[in-house]
Structure formats: C-alpha cells, structure tokens
Amino acid sequence: MTPHRNVTIIGSGPAGLTAALYSARANLKPLLIEGLEAGGQLMLTTMVENFPGFRDGIMGPELMADMRAQAERFGTEIIQGNVSKVDLSRRPFKLDVSDTTVYTETLIIATGASARLLGLPAERVLLGHGVSTCATCDGFFFRGKPIAVIGGGDSALEEALFLTKFASKVTLVHRRDVLRASKIMQDKAFANEKIEFAWNSEVQDILDTSKGVVTGILLRDTQTGAVAEVPVEGVFVAIGHIPNTALFAHQLEMDDNGYLVTAQGTKTNVAGVFACGDVQDHVYRQAITAAGSGCMAAMDAERYLDHVPTDLHTSVTT
C-alpha cells in the first residue's frame with residue numbers, strides 16, 4: 001500500500017463508496033478504509049426498495065457489495081482496518097490505521113452514525129426482520145399491521161406519524177408519562193387516532209426470535225413492575241443516533257449532538273477535510289442522500305487538490 005495518497009476516505013457505506021467511485025474516476029487513486037463494520041447500516045437491512053434504479057428492490061448487503069465492486073473497478077484501493085488516530089494539524093494529514101501510517105492530502109470522512117438501540121439480545125437478532133431504526137426505509141413493509149415505536153422525542157413522534165400511513169395501529173412506548181417532543185409534534189400525535197400511548201413503559205423483550213420475526217413486545221410498567229405482552233409485527237426504535245465522530249474530537253467543529261459541521265457543500269473547518277453522509281446529516285439519513293453527499297465530497301476534494309501547490313504532492317518517507 002502506498003503510504004501517501006491524494007484522497008483517503010474513512011467509511012464504507014453509501015457515502016464513502018460513492019466518494020471513492022467519483023475520486024477514482026477522477027484518477028485520484030483513492031484509498032478507502034472500510035473499518036470494522038464494512039458497508040454501514042445497509043448491511044443490517046433486508047430489502048431496499050427506495051434506492052433509485054432497482055425497480056424490484058435489492059437486498060442491503062447486495063447493494064453495498066455492488067457499490068464496493070464498482071468503486072474497485074475504477075481503481076479504489078480498499079483496506080480493512082481501524083483508524084485509531086488522526087492528526088489534522090499537519091500537512092499532509094496523518095492517519096494511524098492498525099499497524100500502518102497513512103499520509104493524505106485530503107480526507108473524506110464518511111464514518112456515519114449508529115442508531116441507539118435498546119440493548120436487548122432479541123433486537124440484534126430481529127434487526128431487519130421486524131425491528132427497524134428507519135420508518136422511511138421500512139414503513140411500507142408494515143402496511144395494515146400493528147407496530148410499536150419506542151421513544152418520546154421529536155424523532156419518535158415523527159416516525160410514529162409517518163408510520164400511520166401504513167400501519168393499522170401504532171403503539172408509542174415511552175418510559176415516562178410526559179413526552180420530550182415539541183408541543184406541535186405532541187399535538188399532532190395526540191390528534192392521530194391510529195396512535196396509542198403506552199406510558200411509563202419499558203421494553204423488556206422483543207418476541208419471537210425462535211420464529212425469526214417480530215410477533216410482539218413485553219412491556220414492563222416502570223411504576224408497578226407489571227409485565228404485559230403487546231402483539232405487534234414491527235418495532236421501530238427511535239431513541240436517537242450517535243454520530244461516529246469521537247476520532248475527530250478537538251480537531252473538527254461539531255454541533256451539540258456531535259455531528260460534524262459542514263459548509264459550502266461538504267467542507268469542514270479544516271481545509272482539505274470533507275464530511276459526507278450520516279456523520280454530518282442528522283435530518284435525512286437516507287442511503288440516497290448519503291450517496292449524493294459522497295459525490296459532493298469527492299468533487300470538493302478534487303477541486304481542492306487542483307489548487308494545492310505541486311510541491312505538496314511529493315512522497316513522504318517514514
């Protein structure tokens with residue numbers, strides 16, 4: 001592996017792979033570090049029906065495999081490894097990757113965001129088989145079925161309201177008796193006859209791993225301790241996301257929730273560093289928007305390199 005690159009991309013979801021594709025086609029010979037969880041959140045989904053170009057849908061892992069192969073076809077070098085440290089105070093930027101050091105003129109960050117989960121063993125088993133973290137992605141599959149949404153903030157109520165377009169009933173499970181969501185969102189939810197509220201309730205378990213599909217949830221009353229089974233065929237966990245930005249603490253500007261702040265496209269506050277996908281997008285969080293911002297990041301990096309003095313392109317010896 002060449003230790004000095006024009007473009008290095010951290011992350012291998014739709015944003016990172018699209019950035020790699022565009023960088024490779026621009027003859028920038030990008031290096032993509034795919035991390036320990038290659039492929040991003042789409043690796044945890046089943047059928048994807050809202051990615052343009054796939055009339056009959058495509059399985060999430062298959063889509064990511066195709067995107068990976070396409071990026072490699074045009075010259076992207078992909079390595080497995082975990083980036084343990086980055087130094088953005090120097091030129092070129094320095095990355096410690098497992099037992100290797102990489103120097104790069106530009107850095108594209110596509111590390112994504114991880115959905116907060118309840119931490120139940122059944123949750124992971126049934127993820128993509130009735131358990132979801134994205135109503136926009138999966139709501140269509142629950143047409144005419146009873147489902148549950150876990151959470152009490154704006155995101156949870158937004159998901160619940162969206163899901164009423166498909167579900168026969170939406171049970172909103174909240175561990176308190178007062179929602180954290182804004183008043184306008186609460187008013188909309190209370191006014192929707194399809195939404196029922198399970199107050200002072202925590203999900204104790206999700207059924208039924210033995211059948212491989214969701215058949216219900218066990219709810220524990222936080223005040224009495226009583227446990228009751230609620231029959232549902234889908235569980236949407238909406239308790240927030242965690243942007244994967246710890247690696248860049250004190251080096252890049254972030255908002256109050258830890259998402260990278262970008263301006264003028266995908267530029268961060270450090271020249272030559274760009275961010276795309278869910279690591280900087282807490283609003284849309286879709287595969288197609290992530291891919292679009294990956295394209296933007298690659299084009300931003302290419303334009304940045306066009307204005308870098310040629311003497312910065314000399315090799316670095318270690």
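If I measure Cβ to Cβ between cysteines in the chain, which ones have no partner under 4.7 Å?
Among the cysteines of the chain, those whose Cβ sits 4.7 Å or more from every other are Cys276, Cys295.
Taking Lys29 as the anchor, which lysines have their alpha carbon closer than 30 Å to its alpha carbon, excluding any fewer than eight residues away along the same chain?
Counting by Cα, and skipping residues close in sequence, Lys29 has these lysines nearby: Lys85, Lys94, Lys267.
Could you give the accessible area per residue of the chain, probe 1.4 Å, as a whole number in Å²? Before the final figure, lay out each step's value.
Working: 15460 Å² over 318 residues.
Roughly 49 Å² per residue, with all protein chains present.
Just how much of Lys145 is accessible, in Å², when a 1.4 Å probe is used and the result is rounded to the nearest 10?
Using a 1.4 Å probe on the heavy atoms, I get roughly 70 Å².
Given R₀ = 45 Å, what would the calculated FRET efficiency be for Lys169 paired with His250, taking r from the Cβ atoms and rounding to 0.05? Walk me through the intermediate numbers first.
On the way: r = 47 Å, r/R0 = 1.04.
So, using R0 = 45 Å, E works out to roughly 0.45.
If you place +1 on the Cβ of every Lys and Arg, -1 on the Cβ of every Asp and Glu, and leave all else neutral, what size is the dipole of the chain about its Cα centre, to the nearest 20 Debye? Provide the component values of the computation, followed by the final result.
Numbers: 27 positive and 36 negative charges, 42 e Å.
It works out to roughly 200 debye.
Ranking request for peptides 212-221, 284-293, 12-21: highest mean number of other beta-carbon atoms within 10 Å first, then the rest in descending order. Walk me through the intermediate numbers first.
Details: 212-221: 17.6, 284-293: 20.5, 12-21: 31.3.
With the highest mean Cβ count within 10 Å placed first, the list reads 12-21, 284-293, 212-221.
At a probe size of 1.4 Å, how large is the accessible area of Arg5, to the nearest 10 Å²?
Near enough 20 Å² of accessible area.
How large is ³J(HN,Hα) for each residue in the stretch 241-248, as worked out from phi by the Karplus curve 6.51 cos²θ - 1.76 cosθ + 1.60 (θ = phi - 60°), to whole Hz, x for Gly and Pro?
Values per residue, Gly and Pro as x: 10, 10, x, 8, 10, 4, 4, 10 Hz.
Probe 1.4 Å, all protein chains in place: accessible area of Lys85 in Å², nearest 10?
Around 120 Å² of this residue is reachable by solvent.
Which angle from 0 to 90°, rounded to the nearest 10, does the C-alpha axis of helix 154-163 make with the longest principal axis of the chain?
70
First measure r as the distance between the Cβ atoms of Ser210 and Tyr284, then evaluate 1/(1 + (r/R0)^6) with R0 = 35 Å and state the FRET efficiency to the nearest 0.05. All intermediate terms of the calculation are to be shown ahead of the outcome.
Working: r = 36 Å, r/R0 = 1.03.
Efficiency at R0 = 35 Å is approximately 0.45.
Can you give me the % of accessible surface on the chain that is carbon or sulfur? Probe 1.4 Å, all protein chains present, nothing else counted. Don't skip to the end; give the middle numbers.
Working: 7730 of 15460 Å².
About 50 percent, which is the carbon plus sulfur part of the accessible surface.
What dipole magnitude, in Debye to the nearest 20, does the stretch 187-318 give about its Cα centre under +1 on Lys/Arg Cβ and -1 on Asp/Glu Cβ?
Values: 7 positive and 18 negative charges, 37 e Å.
Once rounded to the nearest 20, the dipole reads 180 debye.
Once label points are set 7 Å from the Cα along Cα→Cβ at both Asn50 and Ser114, what is their separation, rounded to one decimal in nm?
Taking the simple label geometry, Asn50 and Ser114 are separated by 2.4 nm.
The values are calculated or read from the model by the stated rules, or taken from the named source; none is laboratory data. Remember, predicted model here, so these are calculated numbers, not experimental data. Cβ sites come from the backbone with ideal geometry, for glycine too, and all protein chains shown count toward neighbours. Each accessible area value is taken on the protein alone, full model and side chains, heavy atoms only, with ligands, DNA and RNA left out. Shrake-Rupley method; radii C 1.70, N 1.55, O 1.52, S 1.80 Å.
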